[in-house]
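Visitor: Attaching a single structure in C-alpha cells format; questions to follow.
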Amino acid sequence: MSKPRMTTFAEFWPYYVKEHRDPKTRSLHFVGTAAALATVATAVVTGKKKVLPLALVAGYGPAWFSHFFIEKNRPATFQYPLFSLAADFVMFGKMLAGTMDDEVARIVAEAEATDHEAPPVTVASKGADLSVN
C-alpha cells in the first residue's frame, strides 16, 4: 500500500526536512546550491549559456551523494522535482539565516511525538462506551 502523493509544498516540507536530518547532508546541499547559483550567475555574466548544464551537476552532485552515502535514502527530487527544488532554496535560505537546525529539530520532534501517540482504545462495559484518547 503506497502513501497518497503530496500535492502541496506545506505537506512536502516536513517530509523533505526529515530526509535531511544529518547536518553533513544539509552542508553538502548548501555547497551544491551555492555552486549551482554561482554557475548560473557565471553563465549570465559571461553570456556563455553552454555552462548552464554544469549548474545541474554542481547542484545535484553533492546533494545526491549525500542522500546515497550519508542519509542512505532516495533523493526527493526523483518523485517531487519541483517541490524538492523549491525546498532546496528554502533550506539554503534557512541555513544562511542560521535557522535550519532549529527547523529540523522542531519537525523531527513533531514527527516523533505523532509516531508515539497511541490510537484511541475503546472499552465496552455493560453498554457504556469508555473511550481512552
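Laboratory data are not the source of any read-out in this text; all were calculated from the coordinates shown. All values derive from a computational prediction rather than experimental measurement. Ideal geometry is used to build each Cβ from the backbone, glycine not excepted, and the neighbour counts take in all protein chains shown.
Visitor: Using DSSP H assignments, which helices in the chain have an axial alpha-carbon span of 15 Å or above and a mean Kyte-Doolittle hydropathy of -0.5 or higher?
Guide: Qualifying helices: 23-46, 52-66, 81-97, 100-116.
Visitor: Also, I was wondering about something else. Toward the positive end of the charge dipole of the chain, about the Cα centre and with charges on Cβ (Lys, Arg +1; Asp, Glu -1), which of Ile107, Trp13, Tyr60 goes farthest?
Guide: Working it through, the farthest residue towards the positive pole turns out to be Tyr60.
Visitor: Another one. Going toward the positive end of the dipole of segment 9-132, with +1 on Lys and Arg Cβ and -1 on Asp and Glu Cβ, which of Thr39, Met95, Phe83 do you reach last?
Guide: Thr39
Visitor: Does the chain come out rounded, prolate or oblate, given a ≥ b ≥ c as the square roots of the eigenvalues of its C-alpha gyration tensor, rounded meaning a/c under 1.5 and, failing that, prolate meaning a/b above b/c?
Guide: Because a/c hits 1.5 or more and a/b exceeds b/c, the chain counts as prolate.
Visitor: Pull out the extension gain between Ala113 and Lys24, defined as 0.36 nm times the separation in residues minus the alpha carbon to alpha carbon distance; nm, one decimal.
Guide: 29.6 nm
Visitor: Quick one: among Pro14, Pro53, Pro75, which has the greatest mean-square fluctuation in a GNM of the chain with alpha-carbon springs under 10 angstrom?
Guide: Pro53
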